[in-house]
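The values are calculated or read from the model by the stated rules, or taken from the named source; none is laboratory data. These numbers come from a predicted model, not from an experiment. All Cβ positions, even for glycine, are placed from backbone atoms using ideal geometry, and neighbour counts span all protein chains on display. Ligands, DNA and RNA are excluded from the accessible area calculation, which covers all protein heavy atoms including side chains. Shrake-Rupley method; radii C 1.70, N 1.55, O 1.52, S 1.80 Å.
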Amino acid sequence: MKILQSNAGVLTNYEVLALFRSRGAGKDPTCVIAAVAPSEFKVYDYLEQTVASHQTIEIIHKFVEDCEKYDLAKGVMLNIVNIRPSSAVEIDPVIFVKLLLFCCYLNTIVDS
Amino acid sequence: MFVMSEIEHTLRLPPHLLNRPLNVAIKGELESLFLDKVIGKLGLCVSVYDILSIDGGFIFPGDGASTYTAKFRLVMFRPYVGEVISARLEESTKDGLRLSLGFFNDIYVPVPLMPNPYHIEPDPEHKNGIKWIWEYMGENYPIDWTDEIRFSVHSVNYPPLPIEQGKDSEQKDSEEKGLRQKDIKPFAPMVITGSLDADGLGPTAWWV
C-alpha cells in the first residue's frame, strides 16, 4: 500500500451522508439490499442524527459565501457547518479568538 | 471530521470474482481490505469514495488470479485537534468518560480535561459507575446518559501494536495485576482524547 496523498480533500458531514444516500442507504430499512456495508451504515446512522440530515448543498454554499467577509479558516467553517451552533456560547469553542472586538461578530455569524 | 486520502495498492483479484465488472470486483476487494480498519496516521477508513485508475491485470507464474494496481480515494475519519464533535456517553468511571459516535467508541475524556470545578457521585443505575457533576454559580450540572455531549478533540493517537505474547504468560500477567478477563481492555489502534473544559462543551442541555 502506498499513500499518494494523505489529505486529498475534506468532506463535510453532509457530503458523507449524501454519499451514503446515493448508494441507497436511506431507502433500505433492512440494511442488506443497499450497496452499503454494515460499518458504513453505522456512520450513516450517526450522521442521520446530526444536523447534516437537514442540510442541503445550497445551504452550505450560501453559508460559505456569507462567511467570506469574516476570513475564517476552512477548518473553522467546516466545523461550524457540521455542528450548526445556535448561540454564541456554542460557537465559542470552535473559534478560538476571544478578543472583545470579535464578540460582536459572533452573533452575526450565528445569525448567518 | 472526514478527510479523503488517495492510496495506491496492488491487490490480487480472486478468480471467483471474474464474472463481475472489473471496477465492481476491485471495489469489493478494496472494501474488504480497508473498510472499518485504522490506517496509521490516516485514521479510520469509513468508505471507498471512488477508484481513480486500475492498471495491470497480469497473472504471475504459479498464481491462478490476476493482480491489479489500483489508485483510489478513501473517506477517512480523522478529526483535527480542536475540532468540536457531538457524541454519546458510553462509560462514566472515576478515570473520566468514554464517549461513542456509534462507529467509533475509543474517545476518552480524562479527569484533567473534565469541566472544572466538579464533584462525583456514585451512579446507582450502573455498577461501578460514577456520575460527574459540574459546579457553576452554585448550580449542579450532571452529565447524564441520555445527553448529546460536545467535546473538543485534544489529541489523536495511534498506539503501536502490542507485542504478541503466549496466552499462558498473558493470563499470568493479568492475574498478577488482579485483572479479571472482562476488565482487560482490547487494543485500540486509534484513540481520541477529548476535552470538555471550555464554554459550550459538555452536554448540549447545559447551554440551551
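Observations
- Within the accessible area of the protein assembly as shown (1.4 Å probe), percent carbon and sulfur: 55
- Of the peptides A:47-58, B:11-22, the ranking by mean beta-carbon count within 10 Å, highest at the top, reads A:47-58, B:11-22.
- Residue-wise HN-Hα couplings along the range B:144-159, as the Karplus relation 6.51 cos²θ - 1.76 cosθ + 1.60 with θ = phi - 60° gives them from phi, are 9, 6, 8, 6, 8, 10, 9, 10, 9, 5, 8, 6, 10, 10, 10, x Hz; Gly and Pro carry x.
- Average accessible surface area per residue within the range B:1-145, 1.4 Å rolling probe, Å²: 49
- Normalised contact order of the range B:50-174, rounded percent, pairs of Cα under 8 Å and 6 or more residues apart: 21
- The contact residues of the range B:1-46, meaning those that lose at least 30 Å² of 1.4 Å-probe accessible area when all protein chains sit together rather than their chain alone, are B:Met1, B:Phe2, B:Val3, B:Met4, B:Glu6, B:Ile7, B:Glu8, B:Leu35, B:Leu42, B:Val46.
- Taking the DSSP beta bridges with both ends in the protein assembly as shown, the antiparallel portion is around 95 percent.
- A:Ala8 paired with B:Ser32, simple spin-label distance in nm, labels 7 Å along Cα-to-beta-carbon: 2.2
- Simple point charges give the picture: +1 on the Cβ of Lys and Arg, -1 on the Cβ of Asp and Glu, and for the protein assembly as shown a dipole about the Cα centre of about 840 debye.
- In a simple Cβ point-charge model (Lys, Arg +1; Asp, Glu -1; nothing else charged), the range B:36-140 has a dipole of about 320 debye relative to its Cα centre.
- Buried on assembly, the range B:88-128 (at least 20 Å² less accessible surface than by itself, 1.4 Å probe): B:Leu101, B:Gly102, B:Phe103
- Of B:Tyr49, B:Pro14, B:Asn157, farthest towards positive along the dipole that unit charges on Lys, Arg, Asp, Glu beta carbons give the protein assembly as shown: B:Pro14
- Alpha carbon convex hull of the range B:91-138, volume per residue in cubic angstrom: 93
- Residue-level accessible surface for A:Lys62, protein heavy atoms, 1.4 Å, Å²: 120
- Secondary-structure-derived ellipticity at 222 nm for the protein assembly as shown, considering helices only, amounts to -7500 deg cm²/dmol, per-run term -39500 (n - 2.57) for DSSP H runs with n ≥ 4.
- Rounded to the nearest 100, the interface formed by chains A and B buries 3200 square angstrom of accessible surface, both chains summed, with a 1.4 Å probe.
- In order along the range B:65-74, the Karplus-derived 3J(HN,Hα) couplings, from 6.51 cos²θ - 1.76 cosθ + 1.60 at θ = phi - 60°, round to 10, 8, 10, 10, 10, 10, 10, 8, 10, 10 Hz, and Gly and Pro are given as x.
- Only Lys, Arg (+1) and Asp, Glu (-1) charged, at Cβ; the range B:6-79 dipole about Cα centre in debye: 160
- Only protein heavy atoms count here; under a 1.4 Å probe, A:Lys2 has an accessible surface of about 120 Å².
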